[in-house]
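Written out below as structure tokens is the structure these notes cover.
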Amino acid sequence: MVRITIELLRKRSEHNEGEISTLEELSLHQEDIEKIENLQNWCRELRILLLQSNLIPKIENLNKMKKLEYLNLALNNIERIENLDRCESLEKLDLTLNFIGELTSVESLKANIHLHTLYLTGNPCTEFSGYRDYVIATLPQLQILDADTILKSDRIKALQRYEMVAQIIMQQQENYKSKRDKQRQDHQQKGLKNESSKKMDDPEELKKFWDELCDNSPETRVELATVSRKQKEQEKKRETGCEDNNPKRTIRLFRDDGQPLSINEPRIPFTLTEDNEHNSLVLNIEIYRHLDTLLIEADVQPKYVRVYIKGKVFQIVLPEDVHPDKSTAKRSQSTGHLVIEMQMVREANARSPSQNQASKSTNYSSIPPPVNNSREYLEIGKADTSMDFSQITSTLPKTIDRSCLLDFKHQTKAVSEKPVSASFQDNQEVPPLE
């Protein structure tokens, strides 16, 4: 039997950061749940509750959910409508594909004045003659029944036929009740639960079980779910059996001489720093923000710290001995990081000056330090820094070789004496070049 536990609710409330008390929407479909429990005490702020595709036989334990607006109980084993009169804000109720044969139980919904949509498709009561007229006349607040809008004319006709239809409904309801009692007796005589456990051992018998025709009843639905669950468990055992033949590498936490080893199996970033002001070591593990705190377990020892994160081991050797009883572990609500502060055994004054100087910048991290990619040049010989820029003109030679200077006049003269081309034509309208 699958029960509604805190672990299951936290797993299904990751969209709300694992907070159950403030949860407004919850989906617990396809969990093989057989009883509604604990929700009205843990999740009173719920507005939407989805419980379809389970094995719930009875509507119960929802009286304190005053803000519930939408309840989905489709594909369950419910046989009558009850215990919803105190859900004052209920607007939509889905009971598709259940086993409701007691149609008169819809009268319990009269107190839900905000209920405007109701789904009963696929229930035995929908086959009763006068079913729709009876529901419309019984629940005047309804606007939609089985996805069909209720018109004013439909309501007037239903009220006119109510007394006659009510008698017909009562008679059909009694006939279904006797049929249902006989169905229960047949299932008890067959002992389906005992037979199913035997059929699970033989693949051929199991195939015959799935090919066999069966009636549509709550007992059959429970039996099918039980066989399916056992079949999945056997398949998992076979898979794990194959994995056992190839065992995983064992993780060593200590050396042969008893010294602890540093291990980061989850490969999660972390930093380890020294706080000189409080004489402590601070370990900051960057745990995922949405990871449930119940999946984290921390253990502080004098020489090392071990943290289990979803079953994976994180262990780090400490540079100084610490007091385990004076250590604290806190989880950040904004980032999700786990911060462990450990009081060191050795006082700050008892260390040597070199240790104190080194501890100021101590930072152990799983992230390597940045690499300096700047280019460095090699200097040969001693640098000459004796130059005086104020006397830079006096350092020039007194005699200058004039042969290295350009004779601009000579160059200009040479350009002016260049011979004129034979094809040159003098145009008087063009002004001369200056």
*Kindly list the number of the only condition in (1) open to solvent by less than 40 Å² (accessible area, probe 1.4 Å); (2) at pLDDT 95 or above that fails for GLY101.*
(2)
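Could you list, in sequence order, all residues of region 131-149 that are assigned to a loop (DSSP other than H, G, I, E, B) and either on the phi > 0 side of the Ramachandran plot or open to solvent by less than 40 Å² (accessible area, probe 1.4 Å) (or both)?
If we filter region 131-149 for residues that are assigned to a loop (DSSP other than H, G, I, E, B), which is where we start, we get 139-143, 146-147.
Hits for region 131-149 are LEU139, GLN141, LEU142, ASP146, ALA147.
Name the residue, out of LEU75, LEU103, LEU55, LEU71, that is of a type in the set (A, V, I, L, M) and on the phi > 0 side of the Ramachandran plot. Explain how you work it out, then say what you get.
Numbers: LEU103 fails: on the phi > 0 side of the Ramachandran plot; LEU55 fails: on the phi > 0 side of the Ramachandran plot; LEU71 fails: on the phi > 0 side of the Ramachandran plot.
Result: LEU75 is the single residue among LEU75, LEU103, LEU55, LEU71 that is of a type in the set (A, V, I, L, M) and on the phi > 0 side of the Ramachandran plot.
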*Condition test on PHE128, is it farther than 22 Å from MET164 by Cα, open to solvent by less than 30 Å² (accessible area, probe 1.4 Å) and in contact with a helix residue (DSSP H, G or I) (Cβ under 6 Å, 6 or more places away or on another chain)?*
no
*So how many residues does region 251-266 have that are touching a strand residue (DSSP E or B) at 6+ places or on another chain (Cβ under 9 Å) and either open to solvent by less than 60 Å² (accessible area, probe 1.4 Å) or under 30 Å from ARG10 (Cβ atoms) (or both)?*
8
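Condition check ((1) out of contact with any His (no Cβ under 7 Å at 6 or more places or on another chain); (2) within 23 Å of LYS157 (Cα to Cα); (3) of a type outside the set (A, V, I, L, M)) across all residues:
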{"position": "GLU69", "(1), (2), (3)": "yes, no, yes"}
{"position": "ASN76", "(1), (2), (3)": "yes, no, yes"}
{"position": "GLU91", "(1), (2), (3)": "no, no, yes"}
{"position": "THR104", "(1), (2), (3)": "yes, yes, yes"}
{"position": "LEU109", "(1), (2), (3)": "yes, yes, no"}
{"position": "THR117", "(1), (2), (3)": "yes, yes, yes"}
{"position": "LEU120", "(1), (2), (3)": "yes, yes, no"}
{"position": "PRO124", "(1), (2), (3)": "yes, no, yes"}
{"position": "GLU127", "(1), (2), (3)": "yes, yes, yes"}
*Would you be able to say whether some residue in region 32-42 is open to solvent by 30 Å² or more (accessible area, probe 1.4 Å), part of a loop (DSSP other than H, G, I, E, B), touching a helix residue (DSSP H, G or I) at 6+ places or on another chain (Cβ under 6 Å) and at pLDDT below 95?*
yes
*In region 280-288, is there at least one residue being under 28 Å from the mean Cα position of the chain (by Cα) and open to solvent by 50 Å² or more (accessible area, probe 1.4 Å)?*
yes
_Can you tell me which condition ASN276 does not meet? The list is (1) open to solvent by 40 Å² or more (accessible area, probe 1.4 Å); (2) polar (S, T, N, Q); (3) modelled with pLDDT of 90 or more, and all the others hold._
(3)
*Take region 70-83 and flag every residue that is more than 24 Å from the chain's Cα centre (by Cα) and open to solvent by 10 Å² or more (accessible area, probe 1.4 Å).*
ALA74, LEU75, GLU79, ARG80, GLU82, ASN83
*Please list, ordered by first then second residue, the pairs with beta carbon atoms under 6 Å, 6 or more apart or interchain, first in region 293-306 and farther than 17 Å from GLU320 by Cβ, second part of a loop (DSSP other than H, G, I, E, B).*
LEU295/LYS310
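Considering only residues that are open to solvent by less than 40 Å² (accessible area, probe 1.4 Å) and under 24 Å from LYS230 (Cβ atoms), which ones fall in region 8-30? Steps first, please.
In the first step, residues of region 8-30 are kept if they are open to solvent by less than 40 Å² (accessible area, probe 1.4 Å); the result is 8-9, 13, 18, 20, 23, 26-28.
Within region 8-30, LEU8, LEU28 meet the criteria.
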_Take the conditions basic (Lys, Arg), closer than 20 Å to GLU219 by Cα and surrounded by fewer than 17 Cβ atoms within 10 Å (Cβ to Cβ) and apply them to LYS67. Does it pass?_
no
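The values are calculated or read from the model by the stated rules, or taken from the named source; none is laboratory data. In this text the structure is predicted, and so the values were computed from the model without any measurement. We place every Cβ from the backbone using ideal geometry, glycine too, and count neighbours over all the protein chains shown. What goes into the accessible areas is simple: the full protein's heavy atoms, side chains included, and nothing from ligands, DNA or RNA. Shrake-Rupley method; radii C 1.70, N 1.55, O 1.52, S 1.80 Å.
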